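Notes for the one structure printed next.
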Amino acid sequence: MNKWIDKERFITLLQDGMRVMVGGFLTCGTPETLIDWVVESGVKDLTIICNDAGYLDKGVGKLLINQQVKKLIVTHIGTNPNAGKLMSSGGIEVELIPQGTFIEQIRAHGGRLGGVLSPTGIHTPVEEGKQMIEIKGKSYILSEPIGADIALIAGYHSDFMGNLTYKGSARNFNPTMATAADIVIAQIEEKVEEINPEVVITPHTFIDFIVEV
C-alpha cells in the first residue's frame, strides 16, 4: 500500500464527530499542515485529544476559532484564552486530566490495557465519576484508556515504509499517540532512503499514511 498521500486524500479520511488525537506540546511537534487541512475540510463536532489548546492562531486553536470542536480532552488550556471563553460559555466541553495520567491513559489504549491507577487528583474534581481502588492501604483513581479514530502526529524523517524519527523535544506525545488510534497520519519534514533500525522511534507498522511538508 502506498502510504504517501496529498491534501485531497487526507480530507477524504475525515468525518464529522471523529475523535482526533493531535501530537505536540504547546505547538512544538504539532502537525500544523494537517491541522490546516482539517480546517479546510470543514468537518465539525470533533473531540480533540491533545496536551493543550494551542494558541489563538496555532495548533488546535485554529479548530476552535473555526468552531469545529465539540469537546477537548486536554491537560490544560491556559495558553489559549479563546478556549477558556468557550468553556465558560458552554461552547465546548472540556475534560482536564493531569498530564502524567493523560499520557499513560493513551499508552494504556495502545497496549490494550484496562486502565491506569494513579493517586494524582484524589480529593479533587479529577476523581469525580471515577472508580477508586485501594492497594496495600493506598487509594488510587482508575482512569480508563484513551483512544481515537484518527491520530495526527508530526515526525522528522521517514523512510518509504513509514518508519519515523523525531527531532528533539518535538518528539513529546507523538510516538505514544501513534499507538492509540485506528488511523495514524504522520506529517514529516523529510523522506529519506533508509533509517538505521537502531534509531527508529515509531515503527512503520503503526503508520497508515504519511504527508511530507
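Okay, here's what the table says:
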item	result
Relative contact order (%) - the chain, alpha-carbon pairs under 8 angstrom, separation at least six	21 percent
In the stretch 44-130, GluC sites (Glu not before Pro) in a DSSP loop with at most 15 other beta-carbon atoms within 10 Å	Glu128
For Trp4, Trp37, order by how many other beta-carbon atoms lie within 10 Å, fewest first	Trp4, Trp37
Projected label distance in nm at Asp36 and Asp182, using a 7 Å step from Cα toward the beta-carbon	2.9 nm
Cα-Cα over 20 Å, subset of Lys3/Lys62; Lys3/Lys58; Lys58/Lys85; Lys7/Lys62	Lys3/Lys62; Lys3/Lys58
Cα-based convex hull volume of the chain per residue, rounded to whole Å³	124 Å³
Footprinting exposure proxy for Arg171, Arg19 (fewest neighbouring C-beta atoms within 10 Å first)	Arg19, Arg171
The stretch 96-119 versus the stretch 166-189: alpha-carbon centroid distance in Å	17 Å
Which of Lys7, Lys136, Lys62 has the fewest Cβ neighbours within 10 Å, and the rest in rising order	Lys136, Lys7, Lys62
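None of the figures in this text is laboratory data; all of them are computed from the coordinates on show. In this text, all values refer to a predicted model and were calculated from it rather than measured experimentally. Neighbour counts run over all protein chains shown; Cβ positions are idealised from the backbone, glycine included.
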